[in-house]
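Working notes, structure below.
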């Protein structure tokens with residue numbers, strides 16, 4: 001919609017409390033106590049420039065979707081909190097958020113992205129695959145397999161934002177993100 005705008009903020013901004021609440025309510029409904037029943041709380045400063053960004057899509061000044069990234073390593077940003085209001089799904093909002101995060105990460109000097117999504121989020125897996133993210137798990141296997149030991153239920157992806165200009169630069173990209181395993 002033409003009246004949709006992005007703002008950059010932080011996760012503790014009272015304006016966006018409805019989307020933060022919606023995100024954690026959805027996690028709870030999909031996963032129950034699988035991940036320990038707790039919400040991942042991180043310092044808001046992790047999502048502030050120059051290392052991160054926290055964006056919210058507003059429609060008529062109402063928050064309807066969000067996403068963020070934080071530093072993973074020197075060349076890689078980790079995408080987090082990509083979510084859209086459930087009553088507005090199937091409008092391409094998550095795709096818009098993803099594209100905006102990619103643009104901002106590139107502007108902030110990142111060369112690649114890393115993210116994880118849960119094994120009970122097939123729509124997120126489909127979005128990331130459709131946008132060129134490389135899975136670091138076998139997509140031909142039922143994702144529930146990754147909820148069992150030795151795995152931790154998270155499905156990792158990476159995407160290169162900028163092709164390195166030389167082999168020297170390529171070797172400087174730090175390897176990132178093997179399939180997470182429980183300790």
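The values are calculated or read from the model by the stated rules, or taken from the named source; none is laboratory data. Every value quoted in this text rests on a predicted model; they were computed, and no experiment measured them. Neighbour counts are summed over all protein chains in view; Cβ atoms, including those assigned to glycine, are modelled from backbone coordinates with ideal geometry.
For segment 121-159, the tally of residues that are within 24 Å of residue 68 (Cα to Cα) and surrounded by fewer than 16 Cβ atoms within 10 Å (Cβ to Cβ) stands at 9. You will find that of 103, 70, 96, the residue that is surrounded by fewer than 20 Cβ atoms within 10 Å (Cβ to Cβ) and in contact with a helix residue (DSSP H, G or I) (Cβ under 8 Å, 6 or more places away or on another chain) is 70 and no other. Of all the residues in segment 86-115, those that are in a loop (DSSP other than H, G, I, E, B) and under 19 Å from residue 48 (Cβ atoms) number 3. Please verify whether residue 175 is farther than 21 Å from residue 33 by Cα, at pLDDT below 95, touching a helix residue (DSSP H, G or I) at 6+ places or on another chain (Cβ under 7 Å) and outside any helix (DSSP H, G or I), treating the condition exactly as stated. It is false that residue 175 is farther than 21 Å from residue 33 by Cα, at pLDDT below 95, touching a helix residue (DSSP H, G or I) at 6+ places or on another chain (Cβ under 7 Å) and outside any helix (DSSP H, G or I). Only residues that are in contact with a strand residue (DSSP E or B) (Cβ under 7 Å, 6 or more places away or on another chain) and either under 14 Å from residue 52 (Cα atoms) or assigned to a loop (DSSP other than H, G, I, E, B) (or both) were counted across segment 116-150, and they come to 6.
Considering segment 64-85, and only residues there that are in a loop (DSSP other than H, G, I, E, B) and either at pLDDT below 95 or out of contact with any strand residue (DSSP E or B) (no Cβ under 7 Å at 6 or more places or on another chain) (or both), the residue that is nearest to residue 131 (Cα to Cα) turns out to be 85.
Can we say residue 88 is in contact with a strand residue (DSSP E or B) (Cβ under 8 Å, 6 or more places away or on another chain), within 24 Å of residue 5 (Cα to Cα) and buried (at least 19 other Cβ atoms within 10 Å of the Cβ)?
Details: in contact with a strand residue (DSSP E or B) (Cβ under 8 Å, 6 or more places away or on another chain): yes; within 24 Å of residue 5 (Cα to Cα): yes; buried (at least 19 other Cβ atoms within 10 Å of the Cβ): no.
Here the answer is no, as residue 88 does not meet what is asked.
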